[in-house]
Amino acid sequence: MSVKKRKPASVFGVIAMIAMFVLFCWPGILLFDRPGPLFLGLPPMLWGTYLCVVLCVILMSILVKLGVEK
Amino acid sequence: MKENYWVVLLPFTLAYVVIALILGLSAAKRGTMKKLEGWAVASRRLGVFVMFFLTGAGAISAYTFLGAPGWAYSKGVPVLYVTIYLTLGYFVAYFFLGRVYKIGKKFHHVTQAGVIRHRYDSKVVGAIGAVIGILGCIGYGITQGMGCGYILNFASGGRIPFWAGITLVFAVMCIYIVVSGLRAIGWTNSFQGILMAVVAVLAGILIVKHYWGSLGTLFTGLQNEAPQFLTIRAGGWNYRIWTTSVLVSSLGIICWPTFWVMWMGSKSINAVRRTVSILPLYWFVILPMIVVGYAAILKLPGITPTDSIAMETALRALPLGLTGVLFAATLAAAMSSCEILILNAGLQCATDIVAPFSKLSETKITQLSKLLVLPFAAIIVVVSVTKPESLVGMLLMTYGWLVQLFPAIVGMFFWKRATKQGAAIGLLAGLVLSILFSRLWPNPLGIHAGIWGLALNVVLFVVISFLTSPPPKEVVDQYFNLHEYQEE
């Protein structure tokens, strides 16, 4: 993969990483920090945690395809 | 509580120790253990399967099976920061691990401090990096040592004293680490990783079913009777400590010298990339154990110490045989994390503190690395016996120390102007402030001590780097032309 192609991938990777921090630290965490309502029996914070794991795996898999860390 | 439970639990738990010993010793046959790269990084031949469990099980530790349910039981959802920081931490690590792998393979480095010494062209900076790494390993090792002590003491019904349990487990680990190095850890972690995942899910399901019937009933009960356990603020935390704890711990992942050793052991850059991209899926193992803590909030109030809640709950709710396997898995979690810590402590002390200031041959350095595993294990055992902090509390403090390596690591790969003076002074000042704000004035303004240290560290690192002579161009170029590296 050429250097030119890698650069946008790096930018995408860094933006995605910062977005994940914003979503799961302050202020994004306010979305999940509540006792209810329960969804499929689980509270919002547990769903937030699952969402964090799944989103990170998807984003990192995209980065593997793009070869961003080279 | 079942009577004479120890007659079943203890054999299960001890059987696991024997299995780990056999697996660990068997691993030596396939490696070249007389050479440093053979012992320390398994001759750089680990594939995706072993890498996945080596890294995954290495990160899942005593706090997953003891500390995390304990926090869920006593504080509620703030414990979820563990899953979130591990996930985000590997996202951050992703940007570094390719570079770590390439620089390790190209220049035959086996430790993080070795890479730091090379890039900053300074034995002293390398040694400082090694000291911080070793401190982190000892701090985290104490968490695991305490876990080992709790498990064997509980499994034996108090017949194996806390100190004796820790000593036994560490003695066994030392044997197979000295003999088989990283390859032993890869093999044992693969077994431990599968065992932990299966047992955590099974225990979570059965314990919830026993006490509540379903997850919905459990959380509806909490919502009605103890809603404070379902929010961060009411759990005794606030958004500042949540955010700064996640931040410190996530940035701290890349600072763990143990992960560098693991990544350098990978057989290819693709293996390490693929491993890390799917690794967060393994953190689902933590969630069933957290749910075990929730299940006990209303059903078993007043249990102390809270770190023992998973064991207490299992003993009341599960068949004894399965409880025995859970105890074995809990011990596996503590051991899987601890093995790499004591290997790394011995390795860094020999290769980054002793060797650069002496004229030892590679064979002598390898022997010294193996030998130094023993005193570091002994230090962890002795401190663990004093039970210095709760498991998660100890973990948080350790991350505060280790994260001080972050600016030097970023500078190493991304800032050509970073100098050894800037790195050294920033590291030391950040470490001192972090220790002061952990011990004397804990977390001022509700902000994690590590963030305060990191802020001072970054300012000093940047200012002093600009005020001092730039590092040799030929060395810096080696780190900034890594895209030219081709795998053999």
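Nothing in this text is a laboratory measurement; each read-out follows from the coordinates by a stated rule. Not measured: the values here are computed from a predicted model. Cβ placement follows ideal geometry from the backbone for every residue including glycine, while neighbour counts extend to all protein chains displayed.
Computed quantities for the displayed model
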| quantity | calculated |
| --- | --- |
| Cβ-derived FRET efficiency at R0 30 Å, B:F284 paired with B:A15, nearest 0.05 | 0.70 |
| Modelled FRET efficiency - R0 51 Å, B:R316 with A:I18, Cβ distances, 0.05 increments | 0.70 |
| Distance in nm between pseudo-label sites at B:Q223 and B:L428 (7 Å out along the Cβ direction from Cα) | 5.6 nm |
| Difference of contour (0.36 nm per residue) and Cα-Cα distance, B:T304 to B:L374 | 21.9 nm |
| Length released on extending from B:F357 to B:A171, taking residue separation times 0.36 nm less the Cα-Cα span | 64.0 nm |
| Farthest toward positive dipole pole in the protein assembly as shown [+1 Lys/Arg, -1 Asp/Glu at C-beta], among B:F376, B:F96, B:T323 | B:F96 |
| Förster radius 45 Å - calculated FRET efficiency between B:V459 and B:V201 (Cβ-Cβ, nearest 0.05) | 0.45 |
| Cα gyration tensor shape for segment B:343-437, rounded if a/c is under 1.5, else prolate or oblate | oblate |
| Projected area, mean over directions - the protein assembly as shown, Cα convex hull, nm² | 23.4 nm² |
| Distance-filtered residues of segment B:149-169 - backbone nitrogen under 18 Å, label point 7 angstrom along B:V7 Cα→Cβ | B:155-160 |
| Residue-averaged beta-carbon neighbours from other chains (10 angstrom radius) around B:214-223 | 4 |
| Square roots of 5 times each gyration tensor eigenvalue, C-alpha, segment B:85-237, largest first, Å | 38, 24, 17 |
| Within segment B:137-155, backbone nitrogen closer than 12 Å to the virtual label 7 Å beyond the Cα of B:V382 toward Cβ | none |
| Rounded Å value of the spacing that divides the Cα centres of segment B:239-262 and segment B:320-337 | 26 Å |
| For chain B, calculated [θ]222 nm from helices alone, where every DSSP H run of n ≥ 4 adds -39500 (n - 2.57) | -24000 deg cm²/dmol |
| Listed peptides B:344-355, B:420-431 by packing density, highest first (mean Cβ within 10 Å) | B:344-355, B:420-431 |
| Part-to-part distance (alpha-carbon centres) for segment A:37-70 and segment A:9-25, which is given in Å | 12 Å |
| P(r) weight above 21 Å for segment B:207-280, C-alpha pairs, percent | 58 percent |
| Two-site label geometry, B:T32 and B:H210: point separation in nm, points 7 Å out along Cα→Cβ | 5.2 nm |
| Label-point separation in nm, A:V54 to B:F466, each point 7 Å along Cα→Cβ | 4.6 nm |
| Trypsin sites (Lys or Arg not before Pro) within segment B:83-182: DSSP coil, no more than 13 neighbouring Cβ in 10 Å | B:R159 |
